[in-house]
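Encoded as structure tokens, the structure appears first; notes follow it.
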Amino acid sequence: MSKTFWGLCHKNIRDLLKQKKRNSLMFILPLTIIIVILMFFAGSDVEKSFLQPIKIGVVDQDKSFYSNALVENYKNNESFTDFIEITVGKDEIIHDFNAGQYDALIEIPQNFAEHLMHFEKVPVQVKVAYSDPLKAVLFKHVMESYEKFITSVQVGVELLYNEMEALNMSDREISIYNIEISYDLIMTALGRNRFFQYHEWVNIPSTTSVNYFFIAIMMMFLLYISVFIAIDLIRERENMCFRRLKIARVSIYEYLMSKLFMSTIFIGLFVLSWFVLLSFLTPLNLSGNTLYIVLYLLSCIMLAVSLAICISGLFKRDEGVVLVSHVFIFVNAIIGGSIIPLHYMPNILQRLAVFTPNYWMIKGMLYIESGYNIAYGMQIAGSFFIMSMVFIFIAYRSYQHESAI
């Protein structure tokens, strides 16, 4: 980089440091609000799971190898037990269910496996507690899926049975084949998970409420703080700064890049100070991946500053910049997840949120902070860098056109 660029950087940092009252406000106000909000959420129960596991009591009156295999299959299935807790017992299970300690009760009747082999109607008795409608609906769908699976297999077996009769096979042969097929049916039902491959799909990584709201509020304040950079540019334009740059043969693009570079570092120091203080004053825990977090935050700051610089190039007066910026940031905060967590937003809002920078700032930070997919978070950071260069180029063309008039 040229000496002119570093000279412009030196000039910009001196201008930023001169604003002592504004800098104090930019540092203290966001920090105070973040501390109050984080302390509030630290003492609340919003970090509890949105849906607690469904508790199911099982009364096995059959006590056969197959009924035991059925229960054990679900108890040992990790993808199943993440959402459902199964307890096997006798009369105490029924008593506890009536006392409201279980969400559902399953009673396996005597000779259930034997009747199942001969397709005799001796159904499993299922009782559901509707104290939590959401759990009741989920469990209802689980049992209906199992019922549909057994019924579909039964149709195939009965069709085969009819075909064997049509072939004039003896009753003994039909019985032997029927028993073998029935055994296969039971074992297939127990091992039906072999027919599926599970791929975890994560749109937004989970985190604690304290960490989430710190990230969400911090991203919103980055956008607000960047508005001051836009206001400074408007005032410099009013003072004919850009025309003087042209007379002095200083590139406007180089000037805007120096403004972006030093503002990013300056605001980055604010954010770093927030991290250090909040780690001592609140339950904030953003441990690990420190280098990636720093790089990602710098990309977010660069995006916010470049966006503010771009807006300043599109308006002639600071009133217009402030009005448009604040409306944009407010709407962006609502849709982008700074107020309602992204995890709990309706699908229609999540589809709208992808068009807001706040959404991607928060999402990328969660990917890196949780360590779930750091590469994806850094891809978002890379896209922020590209978008920042686009915003700076738009601002450059706008200021260049104005200085040529």
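The values are calculated or read from the model by the stated rules, or taken from the named source; none is laboratory data. Just so we're clear, the structure is a prediction, and the values are computed from it rather than from any experiment. Quick note on the areas: whole protein, heavy atoms, side chains included, nothing else; ligands and nucleic acids left out. Shrake-Rupley method; radii C 1.70, N 1.55, O 1.52, S 1.80 Å.
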Would you mind checking the pairs Lys3/Lys259; Lys127/Lys148; Lys63/Lys140; Lys90/Lys148; Lys63/Lys148 and listing those with alpha carbons more than 20 angstrom apart? Lys63/Lys140; Lys90/Lys148; Lys63/Lys148
Leaving ligands, DNA and RNA out of it, rank Tyr292, Tyr376 by accessible area with a 1.4 Å probe, largest first. Tyr292, Tyr376
Residue by residue through region 236-253, the couplings from Karplus 6.51 cos²θ - 1.76 cosθ + 1.60 with θ = phi - 60°, in Hz, x for Gly and Pro, are 5, 5, 5, 8, 6, 4, 6, 6, 5, 4, 5, 5, 7, 6, 9, 5, 5, 4
With every protein chain left in place, what is the accessible area of Phe27 in Å² (1.4 Å probe, nearest 10)? 50
Output ³J(HN,Hα) for region 383-392: one whole-Hz value per residue in order, computed from phi by the Karplus curve 6.51 cos²θ - 1.76 cosθ + 1.60 with θ = phi - 60°, and x for Gly and Pro. 5, 4, 4, 5, 5, 4, 5, 5, 5, 5
Karplus couplings for region 161-174 from phi (6.51 cos²θ - 1.76 cosθ + 1.60, θ = phi - 60°), rounded to Hz, Gly and Pro as x? 4, 5, 5, 5, 5, 5, 7, 6, 6, 6, 4, 5, 5, 4
